[in-house]
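K.L.:
To start, I am sharing the structure in question, which I have written as structure tokens.
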Amino acid sequence: EAAIAIRDLCKTYAGGKRALDGVTFDVPRGQVFGLLGPNGAGKSTLINILAGLVNKTSGSASIWGFDIDEHPRNAKASIGIVNQEITFDPFFTPLETLENQAGFYGVPKAKRRSLDLLRAMGLEDKANAYSRTLSGGMKRRLMVAKAMVHSPPVIVLDEPTAGVDIELRRQLWDYVRGLNARGVTVVLTTHYLQEAEELCDRIAIINHGRVVANEPTRVLLGMA
Ligand code: ADP
Ligand code: ADP
């Protein structure tokens with residue numbers, strides 16, 4: 001069974017913009033899967049549907065075998081989503097942010113889990129600082145930690161390296177590889193071919209709300 005299964009997914013926004021126009025693909029378990037496409041292609045819309053933030057117009061999607069309509073809580077518990085926007089409170093500390101998130105999901109030993117994640121993300125020195133004082137890179141790492149708190153089998157990163165410098169980009173890439181090595185299925189959206197090429201086992205290209213290619217990276221790049 002796929003980690004994520006998308007079938008004939010359509011989204012037309014109020015106002016008539018058709019952002020997704022019959023999208024179908026599977027994300028195989030255990031892979032790093034790249035969703036590549038230019039700005040406006042529909043990548044964020046797709047992710048926001050998986051996150052429950054945008055309602056689809058038609059079609060279906062399931063996460064780890066849980067249909068997002070029929071079993072929304074199970075679907076949501078199976079995925080961690082890192083959006084481009086910062087969604088933690090700047091006046092809470094990273095430790096508080098993670099403990100609260102752990103509380104939402106009923107994660108046992110919330111403090112232990114939160115501290116372990118902060119260490120894994122290199123944020124242990126900032127555990128008790130106001131989050132507003134973190135650097136841009138640290139804020140992104142805290143967003144990743146927040147998405148991982150309930151140990152989901154799938155993590156989605158929406159444009160993880162948009163606007164970040166080369167050093168942080170390398171750090172995030174290494175982190176993605178590490179997560180995947182520990183068995184986490186990773187989906188990332190990007191408009192950088194090089195990033196998809198570097199990290200992904202498989203790449204789907206989306207344009208104008210349609211999947212125009214979906215191949216193992218080596219095949220897509222003509223290396224097979
Ligand atoms: P990107 O998807 O690369 O972040 P966009 O400019 O496409 O950049 O979108 C930024 C955000 O603005 C998206 O999260 C989307 O929800 C919102 N947005 C984009 N286009 C519109 C629009 N026409 N009307 C309302 N909101 C929009
Ligand atoms: P991407 O993430 O690939 O940049 P988006 O999913 O953000 O693409 O956008 C797909 C299309 O839908 C774009 O034309 C965008 O302007 C439009 N769009 C996105 N969000 C909204 C929204 N909230 N309302 C209306 N149109 C939107």
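All of the numbers you see were taken from the coordinates with simple rules; none came from a lab. Note that the coordinates shown come from a computational prediction; the quantities given were computed from them, not determined experimentally. Cβ placement follows ideal geometry from the backbone for every residue including glycine, while neighbour counts extend to all protein chains displayed.
K.L.:
For a protection proxy built on the mean count of beta-carbon atoms within 10 angstrom, sort 209-218, 179-188, 39-48 highest first, please. Intermediate results must be reported in sequence, preceding the final value.
P.N.:
Details: 209-218: 15.7, 179-188: 17.8, 39-48: 20.3.
Ranking the peptides 209-218, 179-188, 39-48 by packing returns 39-48, 179-188, 209-218.
K.L.:
Using the Cα centre of the chain as the reference point, and only Cβ charges (+1 on K/R, -1 on D/E), how large is the resulting charge dipole? Debye, rounded to the nearest 20.
P.N.:
Here the size comes out at about 320 debye.
K.L.:
Taking neighbour Cβ counts within 10 Å as the exposure measure, how do Y175, Y192 sort from fewest upward? Please list the in-between numbers first.
P.N.:
Working: Y175 18, Y192 14.
Starting with the residue having the fewest Cβ neighbours, the order is Y192, Y175.
K.L.:
Fewest Cβ neighbours within 10 Å first, please rank S151, S131 accordingly. Before the final figure, lay out each step's value.
P.N.:
On the way: S151 12, S131 21.
By the 10 Å Cβ count, ascending, the order reads S151, S131.
K.L.:
Let me know the shape class of region 103-200, please: from the alpha-carbon gyration tensor, a ≥ b ≥ c as square roots of the eigenvalues, rounded when a/c is under 1.5, otherwise prolate if a/b is greater than b/c, or oblate.
P.N.:
Verdict is oblate for region 103-200.
K.L.:
Hey, which of these cross-link pairs are over 31 Å Cα-Cα: K11/K111; K76/K126; K56/K111?
P.N.:
K11/K111; K56/K111
K.L.:
With unit charges on the beta carbon (Lys/Arg positive, Asp/Glu negative), name the residue among T45, V144, L35 whose Cα is farthest towards the positive pole of the charge dipole of the chain.
P.N.:
V144
K.L.:
What length, rounded to one decimal in nm, is gained on full extension from R218 through to D69, with 0.36 nm per residue of separation minus their alpha-carbon distance?
P.N.:
Additional length available on full extension: 50.2 nm.
K.L.:
In debye to the nearest 20, how big a dipole does region 164-224 give about its Cα centre with +1 on each Lys and Arg Cβ and -1 on each Asp and Glu Cβ?
P.N.:
200
K.L.:
Sort F104, F66 by Cβ crowding within 10 Å, fewest neighbours at the top.
P.N.:
F104, F66
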